[in-house]
Each structure stands twice: as C-alpha cells, then as structure tokens.
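Laboratory data are not the source of any read-out in this text; all were calculated from the coordinates shown. Keep in mind that this is a model prediction, so the values were computed, not measured. Virtual Cβ from ideal backbone geometry, glycine too; neighbours counted across all protein chains shown.
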Ligand code: SF4
Ligand code: SF4
C-alpha cells in the first residue's frame with residue numbers, strides 16, 4: 001500500500017486539498033494524524049463501523065528514587081533511553097518492561113493505561129481512520145503510529161493519505177518512511193519545511209503552492225527555491241484567497257493532477 005503524507009501549517013490550504021481528495025478519489029484510506037483534535041471526521045461523511053480502545057504500556061520513572069546509574073538505558077533492547085540524560089523516547093519505546101526489570105532501585109514502574117481510541121469510518125467509497133487522544137494524556141505519537149498501522153490493515157484501500165495537521169516533531173517522526181510527502185505552502189507560512197526537513201529523507205516529495213496572485217512574490221520565490229534545493233517536485237499552484245468556497249473549487253480541479261503525479265493512477 002502506498003502511503004502519502006499531506007503536510008502544511010494551519011491555514012495553508014491543506015484541509016481544502018484533503019476535502020477535494022475525499023470527494024474525488026475512491027479506494028483510499030484517509031488518516032487523520034492529528035490525534036489531539038481530529039478534524040477529518042467533520043468533512044468525511046460516513047458511518048462509524050469500529051471504535052477500539054487504545055492502550056499503552058509505558059515506563060514511569062520515580063526521580064526521587066532513581067540514582068542515575070544508567071542501567072535502564074544500557075539494557076533497553078530498543079535503544080529508547082538516552083544514555084546521557086536518561087530520557088525515554090515515546091516513539092522508540094515498545095513497552096517491553098526490560099528497563100524496569102533491570103532497575104536496581106525499582107524506580108521504573110510499567111503502567112498500562114487506556115489513553116484514547118482508534119476509530120474507523122466507512123462510506124462505501126473510502127475509509128477514514130482517526131485517533132482520539134484523551135485530554136492531557138500521553139502517548140500521542142504512539143496513537144499516530146497506531147492509526148497509520150490500522151490504515152495499512154484495511155485491505156479495501158490501495159492508498160493511505162495521512163493528513164499531518166498541526167503535528168509536533170514527535171508525531172511527524174511517527175510518519176517517517178512514507179512513500180510520498182506533499183507539502184502545501186501559502187503566503188501565511190513561508191517556511192513550512194523546517195519541521196519535516198530532518199525526516200522523510202528517502203521520500204518522494206511534492207510542493208503545492210497556495211499563493212498565486214497573493215502579491216508576496218518574494219516569499220513565493222524563497223519557498224520555491226527552498227523546495228527545489230530540498231528536492232521537491234512542483235505539483236501545482238492555486239490562487240491565494242480568503243474565500244473558502246473559491247479555495248475548495250480551486251483544489252477540486254486539481255485532483256486529477258494529484259492522481260496522476262502523486263498516486264500514479
Ligand atoms: S519499556 Fe522496553 S523499550 Fe521501553 S524504555 Fe523500557 S526497555 Fe526500552
Ligand atoms: S536503572 Fe533505575 S536507578 Fe538506574 S538510571 Fe534507570 S531508573 Fe534510574
């Protein structure tokens with residue numbers, strides 16, 4: 001299954017593009033990568049067919065008892081604990097519990113808890129998979145990973161298109177390794193690349209510009225140059241406008257190009 005990540009800062013026009021793709025494509029698993037406040041459920045009309053509890057096993061360190069001996073980091077089979085500052089990486093950690101077993105102080109305790117849900121919605125044409133993280137809960141990057149995996153398991157979809165809306169660095173990392181990255185840039189966020197530069201290294205990258213006729217020629221020039229240097233292929237440009245209907249229409253007309261160039265169908 002091909003995985004496409006759609007990335008852009010808030011207000012870039014990314015959701016308008018996603019909306020057009022939901023309406024214009026078939027056999028696609030749409031994935032909402034924003035587990036703190038999923039939005040695609042508001043634009044994907046369908047029936048909820050599954051809602052699974054999402055739980056994590058996570059080690060918690062009692063710093064009052066920890067003596068910084070480093071044995072947990074030394075024994076972690078996944079290299080998830082930094083050997084210098086002993087920080088536990090929430091993406092690399094697999095919840096195996098080996099660190100807790102090796103802690104001479106019993107400072108690490110494994111805790112299993114439900115932190116959210118994974119939800120599947122169908123409309124006979126496409127699927128939507130999204131995660132809901134409980135307010136204030138940890139485990140957001142793991143939930144992003146989980147919705148991504150869930151989408152891969154749904155065999156009615158040939159393609160997963162993942163909207164990475166408002167993600168922090170951790171969650172962007174949880175999407176690393178996707179086949180395609182499409183970045184939407186507008187005049188409002190001249191530098192959307194910073195947060196994805198160090199990831200998606202082997203990924204085929206595309207740029208969508210949402211700033212034609214905005215009058216911000218200098219920003220536009222810089223974005224295009226920057227994208228070119230980073231190996232992005234220019235996909236299409238739409239007119240910058242504050243009118244949501246106009247934006248929707250503009251993106252709708254570009255679904256064909258997206259299909260041909262990004263999805264190769
Ligand atoms: S639970 Fe396992 S993977 Fe996670 S930090 Fe401990 S040893 Fe490493
Ligand atoms: S093994 Fe236990 S005491 Fe040693 S650094 Fe890790 S948590 Fe702290």
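Things to note:
- Kirkwood hydrodynamic radius (C-alpha pairs) into Stokes-Einstein, segment 56-113, 25 °C and 0.890 mPa s, D in µm²/s: 222
- Exposure proxy order (Cβ contacts within 10 Å, fewest to most) of 180, 226: 226, 180
- In segment 141-265, the alpha-carbon atoms span a convex hull of 118 Å³ per residue.
- For segment 90-200: rounded, prolate or oblate by the Cα gyration tensor [a/c cutoff 1.5]: oblate
- Rg/Rh for the chain stands at 1.03; both radii use Cα atoms, and Rh follows the Kirkwood definition.
- For segment 191-265, the alpha carbon convex hull comes to 95 Å³ per residue, rounded to a whole number.
- Given their separation in residues at 0.36 nm each and the Cα-Cα distance between them, residue 45 and residue 212 gain 57.1 nm when the chain is fully extended.
- Across the alpha-carbon set of segment 5-86, the Rg to Rh ratio works out to 1.19, Rh being the Kirkwood radius.
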